[in-house]
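Quick note: the coordinates plus some simple rules give every number you see, no bench work behind them. These figures come from a predicted structure and were not determined experimentally. Here Cβ is always computed from backbone atoms with ideal geometry, including for glycine, and neighbour counts include all displayed protein chains.
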Amino acid sequence: MKDAVARLVRDGDVVVIEGFTHLICFAAAHEIIRQRRKDLTICRLTPDLVYDQLIAAGCARKLVFSWAGNPGVGSLHALRRAIEKGTPVPLEIEEYSHFGMVARLSAGAAKLPFWPLSDYRGSDLPAANPLIRTVRCPYTDEELATVPALNPDVTIIHAQRADAEGNAQIWGLYGVQKEAAFAAKRVIMVVEEIVEPSVVRADPNRTLIPGFIVDAVVCEPWGAHPSYAQGYYDRDNDFYVAWDDVSRDDARLQTWLNEFVDGVPDRAAYMDKMPGLRERLKAKPRFCEGVNYGF
Amino acid sequence: MAVRAAKELRDGDVVFVGIGLPNLACNLARATHAPNLVLIYESGAVGAVPDRLPVSIGDPALVTDSLAVASMADIFQFYLQGGRIQVGFLGGAQVDRYGNINSTVIGPYAKPKVRLPGSGGACEIAIHAERVIVVAPLSPRSFPEAVDFATSPGHAGKYGTRKQLGLPGGGPQRIVTDVGVLEPSPDDGELELVGIYPNATVDDVKAKVGWPLRVRADLEKYPAPTAEELRLLRDVLDPTHLYI
């Protein structure tokens with residue numbers, strides 16, 4: 001992880017760490033914090049705790065997003081401090097709806113300059129964000145909303161498994177992982193486990209991202225905690241609830257970052273700091289029946 | 001509120017579910033009068049049958065035993081924009097006279113007094129779902145004459161009416177609050193009181209709304225929740241009292 005971030009994430013980059021609730025790569029964000037990256041433009045549908053931490057650590061200059069809360073809990077306090085008070089550094093924002101963000105990444109992945117969508121009429125969002133515009137359909141003459149392509153310098157994807165080339169298989173919620181990976185100039189693939197190519201080839205329909213668009217493959221078990229990996233470990237809902245208290249006060253949040261991010265060399269050491277966590281969150285087995293790929 | 005919201009759902013409805021009370025209402029409806037409800041979450045779970053109350057709309061329990069898992073691009077383009085969703089549930093910090101919903105900012109956008117989470121999928125749900133059910137406790141602060149920011153369009157506003165804008169969905173059809181239910185007038189889309197709960201009075205409700213509230217002549221009086229409904233909510237669906 002250290003090498004991948006050192007090589008592929010640069011100051012001033014447009015960075016996407018995706019995963020909708022599921023498969024959010026906190027391990028990569030922590031490494032970005034440890035390496036003191038700065039002036040990043042960070043984009044995600046839901047900034048979640050992962051960007052609250054990057055913002056608190058002073059790594060971000062700008063946030064592009066569509067829903068900025070702590071899911072099921074409340075506010076993201078570091079993000080709100082940065083927007084409302086400009087601390088620790090002022091944060092510029094660019095705001096869409098979920099559909100708008102999905103469409104931006106779809107356009108980026110398809111190498112189109114924009115994506116048309118039936119959205120935003122009657123909403124104040126286009127007035128708040130001048131990049132949400134309209135186009136007239138050449139066939140029906142109807143007016144459609146448009147959003148510009150998003151092509152990140154680097155996208156970081158967390159997946160359950162991949163082979164050594166980064167041919168990655170994801171099951172459970174996909175979010176916008178595929179679109180975010182194809183839209184990016186560089187892709188870091190982080191996985192719970194590296195498997196033999198034969199495992200991937202035995203079930204090709206489950207492969208979401210091909211290795212030939214991947215620039216680095218990192219094996220990082222528990223790399224998504226406190227997010228989750230279906231079939232590996234559950235979401236740490238208690239952590240999300242506790243974050244409300246930790247992040248409410250900047251001094252306390254900085255103490256947390258010092259201890260759990262800067263105070264550890266890697267993810268394994270981070271997990272070791274919380275004894276019993278692996279046992280508490282480990283997924284129960286629930287296998288599906290395979291299918292016949294023969295001909 | 002959860003019991004009333006559940007009753008707004010019809011068996012077989014395809015519902016776009018939000019987190020919190022809507023989620024509880026959908027699961028109550030599924031356990032009572034609407035066993036064939038199809039629950040769709042914007043996270044991608046289609047036909048979800050969660051066996052624990054999900055804390056987030058991306059909970060892993062939504063995937064286990066679901067009918068399908070779709071990418072979010074499919075969810076928004078094919079399911080929602082494609083017109084396949086009958087009911088969308090929305091909440092918000094403010095709901096105004098014409099059902100516009102604000103979940104973005106209190107105060108001016110550039111210098112907000114309170115920064116709220118933002119649209120998420122709310123804007124497009126309000127535009128495309130056949131009917132939208134809003135669940136929000138009533139108070140003068142949350143039901144002003146006009147919202148500070150229209151995240152999700154209601155029936156009329158500074159950009160025009162739904163018809164003028166050509167919005168495909170029906171917009172907020174029922175606003176379920178903690179004292180009664182509001183509904184848009186068929187004439188001009190203004191929200192009117194159509195029903196109240198047993199312990200509420202019309203004057204109470206009027207005092208909690210930021211515009212002169214019209215009351216339907218055939219005002220409904222809703223029965224109190226039954227013992228069975230309360231048992232299901234408290235003991236089965238939300239045993240750890242996450243939402244109630």
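Tabulated values for the structure
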item: Principal semi-axes in Å for segment A:155-202 [√(5λ), Cα gyration tensor, largest first]; result: 18, 12, 9
item: Listed residues A:Ala183, A:Ala242, A:Ala109, most fluctuating in chain A (Gaussian network, C-alpha, under 10 Å); result: A:Ala242
item: Of A:Val135, A:Ile170, A:Leu91, farthest towards positive along the dipole that unit charges on Lys, Arg, Asp, Glu beta carbons give segment A:90-228; result: A:Val135
item: More than 34 angstrom apart: percent of Cα pairs within chain B; result: 13
item: Inter-part distance where segment B:41-75 and segment A:1-70 are each reduced to a Cα centre, Å; result: 25
item: Reduced Cα scattering model of segment A:95-226, Debye log10 I(q)/I(0), q = 0.15, 0.21 Å⁻¹; result: -0.75, -1.11
item: Segment B:35-109: Cα Rg divided by the 2.2 N^0.38 Å rule of thumb; result: 1.31
item: For chain A, alpha-carbon Rg over 2.2 N^0.38 Å; result: 1.01
item: Charged-residue dipole, Cβ positions (Lys, Arg, Asp, Glu), segment A:107-151 about Cα centre, Debye nearest 20; result: 200
item: Cut-off 15 Å between beta-carbons: net charge of the residues surrounding A:Ala242, Lys and Arg +1, Asp and Glu -1; result: -3
item: Inter-label distance, nm, simple model (7 Å from Cα along the C-beta direction), B:Tyr222/A:Val291; result: 4.3
item: Per-residue mean of C-beta atoms belonging to partner chains within 10 Å, peptide A:61-72; result: 5
item: Proxy reagent accessibility, fewest Cβ within 10 Å first, across B:Ser71, A:Ser123, B:Ser56, B:Ser139; result: B:Ser139, B:Ser71, B:Ser56, A:Ser123
item: Spatial extent of the protein assembly as shown: Rg and Dmax, with the Cα atoms as the point set, Å; result: 23.1, 72
item: Shielding by other protein chains, B:109-118, mean Cβ within 10 Å; result: 6
item: Per-residue mean of C-beta atoms belonging to partner chains within 10 Å, peptide B:65-78; result: 5
item: Fewest-first ranking of B:Val46, B:Val55, A:Val176, using other Cβ atoms within 10 Å as the exposure measure; result: B:Val46, B:Val55, A:Val176
item: Distance in nm between pseudo-label sites at A:Thr87 and A:Arg206 (7 Å out along the Cβ direction from Cα); result: 4.8
item: Neighbour-count ranking [beta-carbon atoms within 10 angstrom, fewest first] of A:His77, B:His33, A:His98; result: B:His33, A:His77, A:His98
item: Sum of -39500 (n - 2.57) over DSSP H runs of 4+, divided by residues of chain A (222 nm, nearest 500); result: -8500 deg cm²/dmol
item: Local electrostatic count at B:Asn36 - Lys and Arg +1, Asp and Glu -1, tallied over other residues with Cβ under 13 Å; result: 0
item: Magnitude of the charge dipole, segment B:2-237, Cβ model with Lys/Arg +1 and Asp/Glu -1, debye to 20; result: 480
item: Between segment B:143-195 and segment B:9-36, the Cα center-to-center distance that results, in Å; result: 22
item: Alpha carbon centroid spacing (whole Å) that separates segment A:227-295 from segment A:159-197; result: 18
item: Summed side-chain charge close to A:Asp11 - residues other than A:Asp11 whose Cβ falls under 14 Å, Lys, Arg +1, Asp, Glu -1; result: +4
item: GNM result for chain A, Cα springs below 10 Å: residue of A:Arg267, A:Arg121, A:Arg80 fluctuating most strongly; result: A:Arg121
item: Helix-only CD estimate at 222 nm, as mean residue ellipticity for chain B, using -39500 (n - 2.57) per DSSP H run (n ≥ 4); result: -4000 deg cm²/dmol
